[in-house]
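The values are calculated or read from the model by the stated rules, or taken from the named source; none is laboratory data. Quantities reported herein were computed from a predicted structural model and do not represent experimental measurements. Virtual Cβ from ideal backbone geometry, glycine too; neighbours counted across all protein chains shown.
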Amino acid sequence: MPLRGPQLAYYMKKRNPGLYQKARELKERYGVTWDEAFAILRGEKPLPTQASSTGSGVQSTLDEVIRRVEALEKRVSELGKFYTDLMATNTRLNSVVNMLSVGLDRRFRFKEYYCVSMDDEGYCKAFYWRSPLKGYKMKEVVEGGERRYYVNVKEHKWVCALCPRYTLKHLVDSLDSLKLRLEVLESQVEQLQQAMAQESGGELEKLRGSLERLRRELKL
């Protein structure tokens, strides 16, 4: 069955927008139907000399419905694209969140990954606030004559997610241990040097005494 009326108009809009626009102009100018407008464009019907008001009210209603359908189709297409982009972004964010979660869990689960700024109770000593944050577990400390609030990072791990101050505690402890060993070794070296100097000095005095005795014997 051939397409007629609004169905024909909708089909032509998709397949031949230029022809559809011309038919629409004829329809609005002369008050003809869609079928009549396309027939005029095909040369099957003469151009009317004056506008006809027959069926214009119904046709106007149909035109309005077509315009609304077209607007809804466009909106649905835009929403579909937005939804697709949103889901793609959500997938990427979930991947990042999962990677950060693995790192954060490791920081608080294994002692070798503890941060040097976290105390034994789980509070971060690197940063403080001058007033408590709502919804966060914090510790109030009076320092330098002012109240300071430290957040418990064990309870709020995501505070540490991108912290630039994160430093492995066991590395700092190892460095401190190496510094202590170095100080001990330097002290031992200094003591050895002093002992060698004292011993060398005693031998030199003995040698000098022997030379003096030899000189005296030669004079005799």
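Odds and ends about this structure:
- Qualifying residues in segment 144-166 (those that are at pLDDT 90 or above and exposed (fewer than 15 other Cβ atoms within 10 Å of the Cβ)) - the one nearest to residue 101 (Cα to Cα): 147
- All of 61, 89 fail the test of being polar (S, T, N, Q) and modelled with pLDDT under 80, apart from 61.
- Within segment 7-30, being farther than 19 Å from residue 71 by Cβ, of a type in the set (Gly, Ala, Ser) and either surrounded by fewer than 16 Cβ atoms within 10 Å (Cβ to Cβ) or at pLDDT below 80 (or both) holds for one residue alone: 18.
Residue-by-condition table, conditions (1) part of a helix (DSSP H, G or I); (2) more than 30 Å from residue 24 (Cα to Cα):
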position: 70; (1), (2): yes, no
position: 82; (1), (2): yes, yes
position: 90; (1), (2): yes, yes
position: 154; (1), (2): no, yes
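- Pair list, Cβ < 8 Å and 6+ apart or interchain, from segment 22-47 residues that are within 15 Å of residue 62 (Cα to Cα) to residues that are β-branched (Val, Ile, Thr) and in a loop (DSSP other than H, G, I, E, B): 27/33; 31/54
A quick yes/no check of all residues on (1) assigned to a strand (DSSP E or B); (2) loosely packed, with under 13 Cβ neighbours inside 10 Å; (3) at pLDDT 90 or above; (4) not assigned by TED's automatic domain parsing to the domain that holds residue 159:
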position	(1), (2), (3), (4)
104	no, no, no, yes
107	no, no, no, yes
120	no, yes, no, no
127	no, no, no, no
131	no, yes, yes, no
136	no, no, yes, no
139	yes, no, yes, no
142	yes, yes, yes, no
